[in-house]
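The values are calculated or read from the model by the stated rules, or taken from the named source; none is laboratory data. Just so it is clear, the model here is predicted, and its values are computed rather than measured. Here the Cβ positions follow ideal geometry from the backbone for every residue, glycine too, while neighbour counts run over all protein chains shown. All accessible areas refer to the heavy atoms of the entire protein, side chains included, with ligands and DNA or RNA removed. Shrake-Rupley method; radii C 1.70, N 1.55, O 1.52, S 1.80 Å.
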Amino acid sequence: MGRDQQQQQQAAYTVEQLVAVNPYNPDILTDLENYVNEQVSSQTYSLDANLCLLRLYQFEPGRISIPIVVRILIKALMAMPAPDFSLCLFLIPEQVQMEEQIKTLIVLSHYLETARFRQFWEEAAKNRSTLEVVPGFEQAIQAYAIHVLSLTYQKVPRPVIAEAINIEGLSLDKFLEYHVANSGWVLEKGHSRSQLMVLPRNEFNHPELKKNTVDGMPFEHVTRIFPILS
Amino acid sequence: MSHPGRVHNPSRYVVPSLDEVLSFTGSAVAEAAQSLIPSASETLIDRSVARMASSYDYDDASLDSRYPRPPSAGQGSAGTDQGYDPNFVPDSVKTFVVHLYRHIREKNVYEIHQMYDGSFQRLSDRMFRECPWPSVEAIAPYVDNDHVFCLLYREMWFRHLYARLSPTGRQRVESWDNYCSLFSVVLHGVVNMQLPNQWLWDMVDEFVYQFQSYCQYRAKLKNKTEEELQLLRQYDQAWNVYGVLNYLQALVEKSAITDVLEREKEGLEQFTATDGYDYEGGTSNVLKMLGYYSMIGLLRVHCLLGDYHTGLKCLAPIDISQQGVYNVVIGSHISTIYHYGFANLMLRRYVEAIREFNKILLYILKYKQYHQKSPQYDQILKKNEQMYALLAICLSLCPQNNLVEENVNSQLRDKYNEKMTKMLRYDDEAYAVYDELFTYACPKFITPSAPVLEEPLTNYNQDAYRLQLKLFLYEVKQQQLLSGVRSFLKLYSTISIGKLAAYMEVDEPTLRTILMTYKHKMHAIDGDGKIIPNADVDFYISEDIVHVVESKPTKRYGDYFLRQILKFEEMIGELDRIKLD
């Protein structure tokens, strides 16, 4: 078991190296496709490798594999809030974007980009077969939902969380308990006796915490004048 | 899978893999390795001369021209080639090549620059407005048949052709051949000369431009003659995307330019301070500078393909927040910032794009008068206009009050005030304006794959552009309601969700999604996964009250002082170096 893992690690290392050193090379196309499947099964992710593969598909449209593209796009959705999904779409030709599965993913991405979580989970439920291919999808989207909530709210009503992460009832209680214990959430009572979650303070929902980094400078820039100052 | 259009053809154009490019040891290179003087068995020049001597049939004049054409050449008529004899070398040309050759041998960079930038343009204007320069075989005897000089001359020859006339399919292929030879010679490390940065930049710039032009050319199949189609079939490897990318990549790697830049940061090497030249040692700057400019070339090619993330990665070794060699030649400065800004726009990093566009537009405003006589002037002006359009787009998607300098702002308002007001309205008219500005300002996207040369023949040169435009407008649409939110938020310091929903005429859950969308769209994620806020008006929600926060502008003193310190230090150093007799 250990050796398989090590071999897997070695293979991944080699693919990343390939992408960094010799990416404009049609011979690595199969390696990159295998790497996508590896990312899916081992729940890892590499934007650079996937973009490299999409580029090669652009150069050789005859070799494109729709299932692989679907997997790349699902992985990109899971990377939200990063704009990876759009980056991938820029490289996929229009006819390919007309494929059913990809159209569905574009709709799902649209819902997520516009924070329409209720519609998203509804649509996702209808397309379970497409999304099941990639383990960890639900958790990744829930993490994105929490991210958006933490940007927006200091105190968020329970129903809003429930809708965003698609969990209700006892499971939701468990979920909230977990975050109270591990992520610094606090349960509060809001007016009209509803439950409120107080999210951890960060610079986005607590503007007074915003460090004024605009006038900061990277240290290496300052090092440039050390010879002068000495 | 078979590629219908590809005929297996033992032509000399093989798809250069990176390894092949790095280890190219063609006979031409081996010859050049001995000395600057090649042997008489130089077949490259013979073959090309045979082709050039044949009659010219010009393409139709509907190509995207970078330079304004003199009015008579625009028709592409046969009248222009009547007087042209490729073997006739006027005296002025004779003098020109002899002197240029001598200056190159003597490594007199200043003189080379004068001739390259000045004399070449003057002669072109005077004698070669509507026809090509004399063929390389005709001038070769005057320069000892020097192999490398001939490659350089041919590069200029083709560049002139592209600028003033319309290249035929065959000429495009020949130009590719020339670039392959030229870059191979450079990569093999046998070029022992110092050339002006302007020239080296122009080489890379032109290389990418001709690639883009060829992709457009071969994607327009509908009106091609059988002869042209046959040419495309036969030379299917010319200007192939792998070759282009691998040459640029090879130049970056072989020159080890990223190491040079790293070492410079630690003070272990002089590069920026000498503009890349080696004043004392006299070692060649050609490979190093081509490597440097190839990073910008790679950014450009990736933008043409729609891969903005990788493009920015290719540029990463160059720190554009500092002065560097990239802004020594104005063409390279503008090209770098234009593509950097565009890539950031597509990546939704609006503030970053605005900042960089602002800086360069201010620079152009101040210094363009000094470039009025230069051959790049028109190109500078064109890019200037395009960047104002991009700035208008950025500011409409992400309004900011304090990022744009006064003079730039007033120019912007002059040109686009009405359009920007329209874009903020987010109705159908707004989309038309976004469409118009994007189309005007975007790079000429390409379809990199080989053409399918079978019936039905279509023109698909617009496909890539249409895709990028569609995705861009899609993003604009997603941000449709944000402008409304912003204007309301500016009016209040706190407001309840219920009230705000009523004002905006939506129900509460919808309002919550809109507010979350605002937050999501206004916080971009940079390459390191950090969250960068883009909004000038921000808020947070506590249960069901929205608290509005307006960000205050900050002056960036630190950066300014740092730059001034370095600049003055450089000046003092220069003054010290002056020895008074």
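Points worth noting:
- Extreme residue, modelled with the lowest pLDDT, among residues of segment B:538-561 that are out of contact with any strand residue (DSSP E or B) (no Cβ under 9 Å at 6 or more places or on another chain) and open to solvent by 60 Å² or more (accessible area, probe 1.4 Å): B:P553
- Any chance A:L53 is more than 21 Å from A:T104 (Cα to Cα) and modelled with pLDDT of 95 or more: yes
- Selection within segment A:160-181 - within 23 Å of A:N202 (Cβ to Cβ), open to solvent by 70 Å² or more (accessible area, probe 1.4 Å) and either in contact with an Asp or Glu (Cβ under 9 Å, 6 or more places away or on another chain) or at pLDDT 90 or above (or both): A:E163
- Sole residue being farther than 23 Å from B:L471 by Cβ, under 19 Å from the mean Cα position of the chain (by Cα), within 13 Å of another protein chain (Cβ to nearest Cβ) and buried (at least 20 other Cβ atoms within 10 Å of the Cβ), chosen from A:L89, A:L151: A:L151
- Check on B:K419, within 14 Å of chain A (Cβ to nearest Cβ) and of a type in the set (K, R): no
- Selection of segment B:340-355 for residues being open to solvent by less than 10 Å² (accessible area, probe 1.4 Å), among the aliphatic types (A, V, I, L, M) and part of a helix (DSSP H, G or I) yields B:A343, B:L345, B:A353, B:I354.
- Given (1) free of Cβ contacts under 8 Å to residues at least 40 places away in the same chain; (2) open to solvent by less than 80 Å² (accessible area, probe 1.4 Å), index of the condition B:L424 fails: (1)
- Test: residue in segment A:55-65 that is aromatic (F, W, Y), within 14 Å of chain B (Cβ to nearest Cβ) and over 26 Å from B:K530 (Cβ atoms): yes
- Failed item in (1) open to solvent by less than 10 Å² (accessible area, probe 1.4 Å); (2) within 14 Å of chain A (Cβ to nearest Cβ); (3) within 20 Å of B:K359 (Cβ to Cβ), with B:I337 passing the rest: (2)
- Residue match in segment B:299-316 (condition: under 22 Å from A:A20 (Cβ atoms), aliphatic (A, V, I, L, M) and outside any helix (DSSP H, G or I)): yes
- Filter result for the condition that a residue is of a type in the set (G, A, S) and away from chain B (no Cβ under 11 Å), over A:A181, A:A164, A:A145: A:A181
- Answer residue from segment B:233-259, given it is away from chain A (no Cβ under 14 Å) and open to solvent by less than 10 Å² (accessible area, probe 1.4 Å) and is farthest from B:G189 (Cα to Cα) among those: B:A238
- Subset of segment B:124-150 [in a helix (DSSP H, G or I), out of contact with any Phe, Trp or Tyr (no Cβ under 6 Å at 6 or more places or on another chain) and open to solvent by less than 10 Å² (accessible area, probe 1.4 Å)]: B:S124, B:I139, B:A140, B:H147, B:V148, B:C150
- Flag for B:Y560 being within 33 Å of the chain's Cα centre (by Cα), of a type in the set (S, T, Y) and more than 11 Å from chain A (Cβ to nearest Cβ): no
- In segment A:96-118, the residues that are at the interface with chain B (Cβ under 9 Å from one of its Cβ atoms) and over 24 Å from B:A464 (Cα atoms) form Cβ pairs under 8 Å with partners that are open to solvent by 20 Å² or more (accessible area, probe 1.4 Å) and part of a loop (DSSP other than H, G, I, E, B), at six or more places apart or across chains, as follows: A:F117/A:N166.
- Pairs with Cβ under 6 Å, 6+ apart, first in segment B:315-326 and within 14 Å of another protein chain (Cβ to nearest Cβ), second open to solvent by 40 Å² or more (accessible area, probe 1.4 Å) and assigned to a helix (DSSP H, G or I): B:P317/B:T258
- Test: B:L232 is touching a residue at least 24 places away in the same chain (Cβ under 8 Å), in contact with a Leu (Cβ under 8 Å, 6 or more places away or on another chain) and part of a helix (DSSP H, G or I): yes
- All positions within segment B:483-537 that are of a type in the set (D, E) and surrounded by 18 or more Cβ atoms within 10 Å (Cβ to Cβ): B:D536
- The listed residues are A:E33, A:E38, and the only one of them that is buried (at least 19 other Cβ atoms within 10 Å of the Cβ), touching a residue at least 24 places away in the same chain (Cβ under 8 Å) and among the acidic types (D, E) turns out to be A:E33.
- When B:L403, B:L361 are checked against the criterion of being assigned to a helix (DSSP H, G or I) and either of a type in the set (A, V, I, L, M) or buried (at least 20 other Cβ atoms within 10 Å of the Cβ) (or both), B:L361 stands alone in meeting it.
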